[in-house]
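Remarks on the structure that follows.
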Amino acid sequence: MRIRSQAFAALALTATAALALTGCVASAQSADGESGGSSSSDKPVVLTTFTVLADIAQNVAGEHLTVESITKIGAEIHGYEPTPRDIAKASDADLILDNGLHLELWFEKFVESVEVPHAVLSDGIDVLDITEDAYAGKPNPHAWMSPVNVQIYVDNIVTAFADLDPTHADDFRANGDAYKIELQEVQDELVDELSTLPSSQRALVSCEGAFSYLARDAGLTERYIWAVNAESQATPKQIAGTIEFVKSNQVPAVFCESTVSDKPMQQVVGATEAVFGGTLYVDSLSEADGPVPTYLDLIRYDAATIIDALKGSGK
Ligand SMILES: [Zn+2]
């Protein structure tokens, strides 16, 4: 009996120690970025507005900065509503990176409430305007869907990081240069692969008008149900217009993006000869074990999905 109770006591002690340890880890994590207690939180903290920008920025930051996205994987980023926790987190950050071009409708108010410097990554790109709907004449914010534009994003990140942490400016520049070579490789692959599509199958039909830059680079005709996901309720007129386009151009496949419901596009599929070609990624990366954990994966995955589906012969 005595041995048993000793064993029990030892077990209880282990459990208490484990609990104490867990508590320790948890409190160290929650202090992250606030008090700078652990070695990782000594690094300057950079926040981005969404996951795609976080991955691009991480490639430039290397090990010198902590980079995190404000919005989570899969979040709707256009009309996002920041939480009090987001604001608290941003107040403790050293730099915030946003896309600009009115992508983040919530951002202007958000940065007003925190006194942290921010940099607009789309500055200097060749802007394409939205041509239809209520957004006609406004810039299309999805500039990162062209790896050529993202090379300019990288230049802007290098400049912002060099200001933030001048001792590592040379590393940021070297990281940026190496990443820009990868971006150009993906761009060349994308254009090469999409150029194999016959001219009759060069229409890219999606839920959101997010592919204007990619369509420009790859010589595709773009058609979408709605211009930006901030208003992702399709009107009957928008659906009818898309159905008409798919029928008259004999489009074999149509697509929808990961951050919205594909129901409106399934209506188009139901009313035409087109098949649903798959989910494309634009406004968010996937989880690490999903198909697009990085930006380069995202571009490669979308290009492959588009080519495979458009090369099929429809229903
Ligand atoms: Zn979008």
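The values are calculated or read from the model by the stated rules, or taken from the named source; none is laboratory data. Computed from a prediction, not measured in an experiment: that's the story for all the values here. Backbone-built Cβ (ideal geometry, glycine too); neighbour counts: all protein chains shown.
A few points about this structure:
- Within the stretch 117-131, the set of residues being part of a loop (DSSP other than H, G, I, E, B) and free of Cβ contacts under 8 Å to residues at least 60 places away in the same chain comprises PRO117, SER122, ASP123, GLY124, ILE125, ASP126, VAL127, THR131.
- Subset tally (residues that are β-branched (Val, Ile, Thr) and crowded, with 17+ Cβ neighbours inside 10 Å) for the stretch 188-219: 1
- Among the residues of the stretch 279-293, not a single one is modelled with pLDDT of 95 or more, away from the ligand (no atom under 16 Å from the Cβ) and not in a loop (DSSP other than H, G, I, E, B).
- When restricted to residues that are among the aliphatic types (A, V, I, L, M), at pLDDT below 95, within 16 Å of the ligand (Cβ to nearest atom) and under 29 Å from ALA169 (Cβ atoms), the stretch 63-117 contains 1.
- As a summary of the residue check, ILE225 satisfies the conditions (1) within 21 Å of the chain's Cα centre (by Cα); (2) in the same structural domain as GLY100 (by TED's automatic domain parsing); (3) farther than 18 Å from ALA303 by Cβ except for the one numbered (2).
- Restricting the stretch 294-309 to residues that are in a helix (DSSP H, G or I), more than 15 Å from the ligand (Cβ to nearest atom) and not hydrophobic (A, V, I, L, M, F, W, C), the residue that is nearest to LYS72 (Cα to Cα) is ASP297.
- Candidate set from the stretch 136-150 (those that are within 16 Å of the ligand (Cβ to nearest atom) and part of a helix (DSSP H, G or I)); member that is farthest from GLY219 (Cα to Cα): VAL150
- Taken over the stretch 61-105, the residue count meeting the criterion of being part of a loop (DSSP other than H, G, I, E, B) and within 18 Å of the chain's Cα centre (by Cα) is 20.
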